[in-house]
Amino acid sequence: MNISMASVGTSNLGVLPEVMGFPHQELSVVMTKKFNLARKQLLRQNITFSCNRKTGITRAIAPEATKVMGPTLSSVPLANYVPVYVMLPLDVISIDNVFWDQGKCEKQFKELREAGVDGIMVDVWWGIVESNGPGLYDWSAYRSLFQLVQKIGLKIQAIMSFHQCGGNIGDDVFIPIPKWVLAIGENNPDIFYTNRTGTRNKECLSLAVDNQPLFEGRTAIQIYSDYMRSFRENMSDFLEAGSIVDIEVGLGPAGELRYPSYTQSQGWKFPGIGEFQCYDKYMRTDFKEAATKAGHSECDLPDDAGTYNNVPAETGFFGPNGTYLTEKGKFFLTWYSSKLLLHGDQILDEANKAFLGCKHKLTEFSLLSILLEQVAGIHWWYKDASHAAELTAGFYNLDDRDGYRPIARMLSRHYGTFNFTCLEMRNSEHPAYAKSGPQELVQQVLSVGWKENIDVAGENALARYDGYAYNQILLNARPNGINKNGPPKLKMAGLTYLRLSEKLLQSRNFRTFKTFVKKMHADLDYCPEYEKPAPLGRSKGEISMDELLEATQRTKPFPWDEQTDARIGGILAEYWDRLLNKFFLSN
């Protein structure tokens, strides 16, 4: 699940007219004819270019027939290749645990395969698989899905989705967490995240119950561990065959490592700062114990941080000289963000153990990696001194404090991949009053991953089909461009595109998408074995909280080029698109 807070509409050309910035002018009939003629010429050139250019393989190839292809259009080393995965619809497996439209999926999967796409990503919903009761798992529908994906020749990224689907931007279906868990919550609502006014959020379990045996004798961590072990046992044939290449682990709302500080179903609207989510009885007790142990027994949870739709200056906590700058505020924010780190560390440790397995040789999982199922791209108020929206979500990130490098350091002990979102966004696409900085945020987060010597991967936050979005993703995928003599200086380990839909497969959009995939592959042919990862090893020793917090020292991010060298369309084509959208096709 990806989150972006900008409400962005697309024109008939797939470009964003509201961010073009051209002053309105009335064109004469003569000028209109000239523009239309130029448009036809440009489109004819683009069609010719697309038809003559190879965009990947031309037919679906089953795994046993797949060949490892080498460079054909250039002498670029294979190390520049960035694999592309496509997210499946949220309800590809229905809430009733049925793979309901296999014929349609097979057709769409073949189209993806023919476009050179490397694989798919799918949510494996806890609320579907373990819906019938504790420890009662039904993997049959997912096995049918994986068999089809394997037949087509695509790889699989499987998300352990321990959260609700519904209530956030982009959620068009509703899949709750298991009914038997919700029933426990009826008698003990403190198992859910809670804001200052006592409103509960039932998207996922609060991290405060990670180690509380409240679920038929099991803790939340044990529930997650048992689920992942069952997945491994029931999907061992796909793991051994190398069809499942990544396991992503959901760590919070929308599958992200964060608190549910901004939730549409609770009235939040962009660019509200959100609310702290630590007022259930378990979090209150934990905070009091931590404060007393640290000699701050007088400290209490914030009561001046505003509500979901406040802006920073309207609150005592985030305003100028606000509470967040005091010793009391710093202690709270350190505790709040540290709980998130410990939560992620515990679950990823269980994931690592589960997918090493007890009954399989380690080498059988040589293609498997564990991914931190994405960290949210909270870009609004990034350019405000308080970084308020990040703080309420649990990212203690300020201009002089790095809130993301400790996450990368924690992840490094599990040989994980740092997965981040909003890769397609540019600052100019957001209103100035929101003080958004998605470009700087992405640069900061990807840099800290590389500095901690771990792989970084990413996703777009909104379904976009225009060259601007694709070019921004391409820039972030290889910030310093393609290296014709070896591996690039910086490169993402993979990109997952949101999401498979009829709109993506429309001829115009899909033609552009195929070009994008080709550019992500550095103009190389599709190559299923572009790299051979080392076997997944056991997590390294625990990293102390002091060592994690040492990583909060802010350093400069790596430099980014101004634009990608794998550009789609080019500046002239983009200029024409902007004019055509403004004067002819904007809605």
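I'm trying to understand the selection: among the residues of the range 536-553, which are surrounded by 11 or more Cβ atoms within 10 Å (Cβ to Cβ) and either of a type outside the set (Gly, Ala, Ser) or more than 26 Å from the chain's Cα centre (by Cα) (or both)? Result: LEU536, ARG538, LYS540, GLU542, ILE543, MET545, GLU547, LEU548, LEU549, GLU550, THR552. Each residue in the range 233-269 was checked for being open to solvent by 10 Å² or more (accessible area, probe 1.4 Å), basic (Lys, Arg) and under 23 Å from LEU207 (Cα atoms), and 0 of them qualify.
Sub-6 Å Cβ pairs linking a first residue in the range 181-196 that is touching a residue at least 60 places away in the same chain (Cβ under 8 Å) and within 16 Å of PRO260 (Cβ to Cβ) to a second residue that is open to solvent by less than 30 Å² (accessible area, probe 1.4 Å) and among the acidic types (Asp, Glu), at least 6 apart or interchain, are ASP190/ASP280; THR194/ASP280; ASN195/GLU275, ordered by first then second residue. Checking the range 194-206 against the condition returns no match, with no residue being open to solvent by 40 Å² or more (accessible area, probe 1.4 Å), closer than 21 Å to ILE128 by Cβ and not basic (Lys, Arg). In the range 207-220, the residues that are outside any helix (DSSP H, G or I) reach residues that are open to solvent by less than 10 Å² (accessible area, probe 1.4 Å) and aliphatic (A, V, I, L, M) with C-beta atoms within less than 7 angstrom, at least six apart or across chains, in these pairs: ASP210/ALA220; LEU214/ILE191; PHE215/VAL181; PHE215/ILE223.
The residue of the range 176-224 that is farthest from the chain's Cα centre (by Cα), among those that are of a type in the set (Gly, Ala, Ser) and more than 26 Å from ILE93 (Cβ to Cβ), is GLY217. Within the range 392-406, residues that are without any contact (Cβ under 8 Å) to a residue 60 or more places away in the chain have Cβ atoms under 6 Å from residues that are open to solvent by less than 10 Å² (accessible area, probe 1.4 Å) and assigned to a helix (DSSP H, G or I) in these pairs: ASN397/GLU390; TYR404/VAL445; TYR404/VAL448, counting only partners at least 6 apart in sequence or on another chain. Of the residues making up the range 72-117, those that are touching a helix residue (DSSP H, G or I) at 6+ places or on another chain (Cβ under 7 Å) and at pLDDT below 95 number 0. One residue stands out among those in the range 86-104 that are open to solvent by 20 Å² or more (accessible area, probe 1.4 Å) and within 23 Å of the chain's Cα centre (by Cα): the one that is farthest from GLY127 (Cα to Cα), which is PRO89.
Being free of Cβ contacts under 8 Å to residues at least 24 places away in the same chain and not aromatic (Phe, Trp, Tyr) is a property that does not hold for GLN472. When each of VAL456, VAL442, VAL448, VAL517 is tested for being free of Cβ contacts under 8 Å to residues at least 40 places away in the same chain, open to solvent by less than 20 Å² (accessible area, probe 1.4 Å) and either closer than 29 Å to GLY153 by Cβ or not acidic (Asp, Glu) (or both), the lone residue that passes is VAL456.
Look at the range 270-283 and say how many of its residues are open to solvent by 10 Å² or more (accessible area, probe 1.4 Å) and within 30 Å of the chain's Cα centre (by Cα). Qualifying residue count for the region: 5. Within the set SER507, SER501, SER539, the sole residue that is free of Cβ contacts under 8 Å to residues at least 40 places away in the same chain and of a type outside the set (Phe, Trp, Tyr) turns out to be SER507. Taking the criterion of being buried (at least 20 other Cβ atoms within 10 Å of the Cβ), farther than 13 Å from MET492 by Cα and of a type in the set (Ser, Thr, Tyr), the only residue of the range 418-439 that qualifies is SER436. In the range 229-244, the residues that are of a type in the set (A, V, I, L, M) form Cβ pairs under 6 Å with partners that are open to solvent by less than 10 Å² (accessible area, probe 1.4 Å), at six or more places apart or across chains, as follows: ILE244/ILE156; ILE244/ALA158; ILE244/PHE238.
Against the conditions (1) open to solvent by 20 Å² or more (accessible area, probe 1.4 Å); (2) not in a loop (DSSP other than H, G, I, E, B), HIS296 satisfies every one except (2).
Among the residues of the range 481-503, those identified as over 13 Å from TYR470 (Cα atoms), crowded, with 17+ Cβ neighbours inside 10 Å and in contact with a Phe, Trp or Tyr (Cβ under 8 Å, 6 or more places away or on another chain) are LEU490, GLY494. Residue count for the range 177-193, restricted to those that are surrounded by 20 or more Cβ atoms within 10 Å (Cβ to Cβ) and farther than 27 Å from ALA290 by Cα: 3. Within the range 346-390, being open to solvent by less than 20 Å² (accessible area, probe 1.4 Å), in a helix (DSSP H, G or I) and modelled with pLDDT of 65 or more holds for ILE347, LEU348, ALA351, ASN352, ALA354, PHE355, ALA388, ALA389, GLU390.
The values are calculated or read from the model by the stated rules, or taken from the named source; none is laboratory data. All values derive from a computational prediction rather than experimental measurement. Counting neighbours? That spans all protein chains shown, and the Cβs are built from the backbone with ideal geometry, glycine included. These accessible areas exclude ligands, DNA and RNA; they are computed on the full protein's heavy atoms, side chains included. Shrake-Rupley method; radii C 1.70, N 1.55, O 1.52, S 1.80 Å.
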